[in-house]
Amino acid sequence: EVKDIPCGTSGGVMIYFDRIEVVNRLKSDSVLSVVRDFSADYDKPLIFDKVHHEVNQFCSTQNLHSVYIDLFDQIDENLKIALQKDLIQVAPGLEIVGVRVTKPKIPEAIRRNYELMEAERTKLLIATEKQKVIEKEAETERKRAIIEAQKQAEVANITYSQRIMEKDSQRKMSVIEDSTNLARSRSQADAEYYAAKMSALSNKLKLTPEYLELFKYRSIMSNVKLYFGPSIPDYIANNIGDSKELFKDPLPIDLTDIGNIPDLSTEV
């Protein structure tokens, strides 16, 4: 492992990595050549000394925020790739198994600022999530209100359609009843007209000169009184008056009533 690795960012802030651990493995067929060329402490010149160089090269191109937060999770993998790339050329039998990088130390004032920023970010995230919950609840309530309004509108539409159908049915029934009553009235009027027409025709056929002459004599006969006994002349003179009154014409006949006179042609 390598300790206290300084790292100067592109913004000029100096930070320190407390510890960087590098796990390596040397293949058995390469032990002799590697130990002969780099001694038994081969990992110091081949790995650990290069860690300082690779870390500083990485930090020099990044600002503090990238090194400390944004790209921190990529440092170990990038460092492993860079070390392995060099070893392929100088020591092919030496393999980097893994790299573990601790969180770098930054100046205390900057650290407090980051803590405050993180706290504010946490508050913002909480507020954002709360706002999302409120918006979701409002959206749910709005959808519920829309569904309820649509249901009420559909019910109102069905009720309105039913009332329209009822009114239309009542109108049709009224038309049928009016047509029936009109037909009945026409039939009755036609019957009465026909009866009156036939009655008038019958009366017209009856009012012949012969019929009127017959009706005249029948009227005369209906006003004749018969008296019996030996004292008829005296009774007439004393009670009735001048006998000449008996031979006057009967009362005049109102011919407008002829139509109401019963048919006497069958009387004996």
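Where a number appears in this text, it was derived from the coordinates with a stated rule and is not lab data. Predicted model, so just to flag it, every value in this text is computed and none were measured. We place every Cβ from the backbone using ideal geometry, glycine too, and count neighbours over all the protein chains shown.
Descriptive notes on the structure:
- Cross-link pairs beyond the 31 Å C-alpha cut-off, checked among 143/172; 80/130; 50/123; 44/103: 143/172; 80/130; 50/123
- Dipole of segment 86-201, positive direction: furthest Cα of 185, 150, 128, with charges on the beta-carbon: 128
- Where trypsin sites (Lys or Arg not before Pro) fall in DSSP loop in segment 19-70, at most 12 other Cβ within 10 Å: 27
- Within segment 1-102: Cβ-based charge dipole about Cα centre, in debye rounded to nearest 20 (Lys, Arg +1; Asp, Glu -1): 160
- ³J(HN,Hα), Karplus 6.51/-1.76/1.60, whole Hz, each residue of segment 151-161, x for Gly, Pro: 5, 4, 5, 5, 5, 4, 5, 5, 4, 4, 5
- Ellipsoid semi-axes for segment 110-181, based on the Cα gyration tensor and the rule √(5λ), read 68, 5, 4 Å when sorted largest first.
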